[in-house]
Amino acid sequence: MTTDTSDWTLVDLVRKQATRYGEREFISFEQGARLSFADLDRDSDDLARRLATLGVGAGDRVLGLIKNRAELLLSLIAVNKLGAIYATINTELMGAFLQHQLHNSAPKVVLLDVDLVTAFQEVAAPDVGLQAVVVVAGEVPAAMPSLFDNVRRLSFAELAALPAAPEAVLVAPSPHDVACIMYTSGTTGPSKGVLMPQAHCYLAGYGSATNVGIREDDIYYVCMPLFHANGLLLQVIASLINGAQVHVVERFSPNRWLDEVRAVGATLTNALGVMPEFIYRQPPTDRDGDNKLRQVMAVPLADEWAGDFEKRFGVQLRQGFGMTECNIVAYTRPGDPLVPGCAGYIFDEFFDVRVVDPETDQEMPTGEVGEIVVRPLQPGCFMAGYYNMPDRTVEAWRNLWFHSGDAGRFDETGQLHFVDRIKDCIRRRGENISSFEVEQVLNNHPAVAESAVIGVKTADAGGEEEVMAVLVRGDGEIENTALLDHCVEYMPRYAVPRFLVWTDNLDKTATGKIQKQPLRDAGVTAEVWDRETVGYKIARR
């Protein structure tokens with residue numbers, strides 16, 4: 001039987017659950033804000049009607065650079081209630097990284113966390129479209145970045161005090177309408193804005209709610225950023241679908257993780273990238289099993305510690321495979337043996353998944369490694385392309401399959417195993433880093449003629465990678481620490497290279513592309529400079 005997706009929109013979901021659960025608490029935030037199911041509907045209605053007075057309407061984009069606050073969730077739903085599109089942005093971005101996403105999304109309104117105002121300091125204003133900036137969680141600073149000089153500036157409180165537009169401005173989007181744009185790291189070019197239809201966002205939550213088995217009496221502890229699909233859709237929206245409660249903290253801390261889990265009585269949580277290993281590496285105590293957690297969705301896992309993690313904390317670790325573009329297409333099942341790297345069985349009501357030869361797209365035999373490719377089986381439940389990047393959309397969809405860029409294999413039981421990444425994308429501390437964008441910052445320094453940025457494995461990287469930059473000198477000399485100071489000013493802290501090495505030239509192909517594989521093969525040699533050897537630290541914003 002095919003699931004009915006005719007009402008799969010975030011707006012319809014919020015309205016239905018407000019009617020069903022009323023004033024029962026749905027979500028709480030570390031900063032103190034609390035929303036009932038009914039609050040989420042009422043307050044987002046109110047916010048939508050105020051945003052309409054700023055000119056936001058169907059098809060417009062609203063960009064949100066907001067930390068894990070209630071305003072992020074409210075603004076997403078409010079924007080969707082106007083038929084507009086919410087572009088949610090990584091809060092670590094600044095400078096050139098942020099400029100690309102601002103110009104690509106071309107928003108009418110920017111919602112900007114008061115703590116992140118300076119991120120726009122070196123960002124040029126878009127040519128047209130931007131009409132207002134709303135500062136969240138504080139007053140509008142006296143000094144604002146210059147790109148906001150000619151736009152309306154107001155605080156969130158001042159927005160809430162504006163006269164409300166008529167109720168008639170609110171709309172009921174269809175499952176095929178785009179709900180939001182989420183940016184995924186570019187590899188050979190700038191970051192790509194994934195167009196996510198309403199049904200696609202709903203399915204991310206539905207898949208998690210169904211396969212994880214979320215119950216009404218569950219409490220989901222969310223320590224991942226809400227600008228990512230995992231935090232926003234797989235945890236918050238999934239809980240909304242099944243009527244569970246959610247608690248959101250501003251950021252993940254391995255030192256506080258267990259105390260916070262205990263304090264809120266959490267029964268479920270997710271941990272991505274190095275998070276589960278960082279938790280495991282905390283000094284054991286005799287109270288580690290004193291928690292209410294029953295499951296943790298976590299990838300990647302390692303043989304060296306995954307089994308002991310389960311015993312120590314008294315939880316079951318669950319795995320899966322997916323991407324922002326294609327949703328979560330595979331999950332392990334409750335009670336399955338723990339096999340690190342096994343993503344589980346395909347969610348085959350919604351997805352067709354194959355492993356193919358990355359050169360020919362011919363299907364690989366069972367057990368052999370190839371590229372994971374995906375097709376949707378129901379309309380609206382997959383990305384609608386990359387925003388304003390038709391060439392990248394066509395490239396990803398060649399031969400009518402979405403190409404994940406990840407290597408995997410199927411075993412004889414039909415379970416999918418993730419092996420490694422194929423694309424030139426660096427994974428560090430749970431973040432995907434575009435080598436292209438890091439190279440742009442490096443190359444903009446006069447002392448650097450050109451650069452090649454790669455990911456390298458190290459013993460202390462927790463199964464992920466560290467960033468290494470191979471550099472050709474330009475005009476003048478520069479100390480390595482001074483070059484890192486330049487990087488800190490123009491890129492997220494997690495993207496700043498750990499390793500630097502200078503060379504006379506970078507080998508290229510006949511078409512002018514830098515040959516990176518020999519650099520990866522060489523890895524960290526004796527000539528490579530490691531910032532940790534001099535104690536170079538990067539302060540958190």
Item checked: Dipole in debye (nearest 20) - region 425-534, about Cα centre, beta carbon charges: Lys, Arg +1; Asp, Glu -1 -> 400 debye
Margin query: Using a Cα-Cα cut-off of under 17 Å, which aspartates and glutamates could be cross-linked to LYS537, ignoring same-chain neighbours fewer than 8 residues away?
Written below: GLU92, ASP460, GLU466, GLU479, ASP485, GLU489
Margin query: Along each principal axis of its Cα atoms, how long is region 10-191 end to end? Whole angstroms, biggest number first, please.
Written below: 46, 37, 32
Next item on the list: Report the semi-axes of the equivalent ellipsoid for region 476-541 in whole Å, largest first, where each axis is √(5λ) for an eigenvalue λ of the Cα gyration tensor.
Entry: 25, 15, 12
Margin query: Sorted from largest to smallest, which semi-axis lengths in Å does the alpha carbon gyration tensor of region 69-133 give for its equivalent ellipsoid, taking the root of 5 times each eigenvalue?
Written below: 20, 15, 10
Notebook entry, point to check: Considering only VAL249, SER208, PHE227, whose Cα is most displaced toward the positive end of the charge dipole of region 207-262, charges sitting on Cβ of Lys, Arg (+1) and Asp, Glu (-1)?
Noted result: PHE227
Next item on the list: Name the residue farthest towards the positive end of the dipole of the chain from the options PRO284, PHE418, VAL171, assuming +1 on Cβ of Lys and Arg, -1 on Cβ of Asp and Glu, about the Cα centre.
Entry: VAL171
Next item on the list: State to the nearest 20 debye the size of the charge dipole of region 344-427 about its Cα centre, where the only charges are +1 on K and R beta carbons and -1 on D and E beta carbons.
Entry: 360 debye
Margin query: Give the average over all directions of the projected area of the C-alpha convex hull of region 322-368, one decimal, in nm².
Written below: 4.5 nm²
Next item on the list: Normalise the Debye intensity by I(0) for region 425-534, one equal point scatterer per Cα, no solvent, then take log10 at q = 0.11, 0.19 Å⁻¹ and round to two decimals.
Entry: -0.31, -0.99
Notebook entry, point to check: Which semi-axis lengths, in whole Å and largest first, follow from the square roots of five times the eigenvalues of the Cα gyration tensor of region 281-326?
Noted result: 24, 12, 8
Notebook entry, point to check: Out of residues 5 or more away from ARG152 or on other chains, whose amide H comes under 5 Å of its own, with H placed 1.01 Å from N in the peptide plane?
Noted result: ALA132, VAL133
Checklist line | D_trans [Stokes-Einstein, Kirkwood Rh over alpha-carbon pairs] for region 1-115, 37 °C, 0.692 mPa s, µm² s⁻¹ | finding: 216 µm²/s
Check: What area, in nm² and to one decimal, does the C-alpha convex hull of region 338-436 cast on average over all directions?
Finding: 7.7 nm²
Notebook entry, point to check: Relative to the Cα centre, what is the charge dipole magnitude of the chain, using +1 at the beta carbon of each Lys and Arg, -1 at the beta carbon of each Asp and Glu, and rounding to the nearest 20 debye?
Noted result: 980 debye
Note to self: What does DSSP give for the chain in terms of the percent of beta bridges that are antiparallel, rounded to the nearest 5?
What the structure shows: 55 percent
Checklist line | Value of Rg to Rh for region 228-272 (Rh from inverse mean 1/r over Cα pairs, i.e. Kirkwood) | finding: 0.95
Check: When the helices in the chain are scored as -39500 (n - 2.57) per DSSP H run of 4 or longer and the sum is shared across all residues, what 222 nm value do you end up with, to the nearest 500 deg cm²/dmol?
Finding: -6500 deg cm²/dmol
Next item on the list: Would you mind classifying the chain by shape? Square roots of the alpha carbon gyration tensor eigenvalues, ordered a ≥ b ≥ c; an a/c under 1.5 is rounded, otherwise it is prolate if a/b is larger than b/c and oblate if not.
Entry: rounded
Next item on the list: Towards the positive end of the charge dipole of region 10-191, with charges on Cβ (+1 Lys, Arg; -1 Asp, Glu), say which of LEU111, ILE77, MET182 has the farthest Cα.
Entry: ILE77
Margin query: Just want the ordering: SER239, SER451, from fewest to most Cβ atoms lying within 10 Å of their own Cβ.
Written below: SER451, SER239
Notebook entry, point to check: What translational D, rounded to a whole number of µm²/s, comes out for region 198-421 from Stokes-Einstein when the hydrodynamic radius is the Kirkwood one over Cα pairs, at 25 °C and 0.890 mPa s?
Noted result: 135 µm²/s
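Computed from the coordinates by the stated procedures, all read-outs in this text should not be read as laboratory data. Source: prediction; values computed, not measured. Cβ coordinates were reconstructed from backbone atoms using ideal geometry, including for glycine residues, and neighbour counts include every protein chain displayed.
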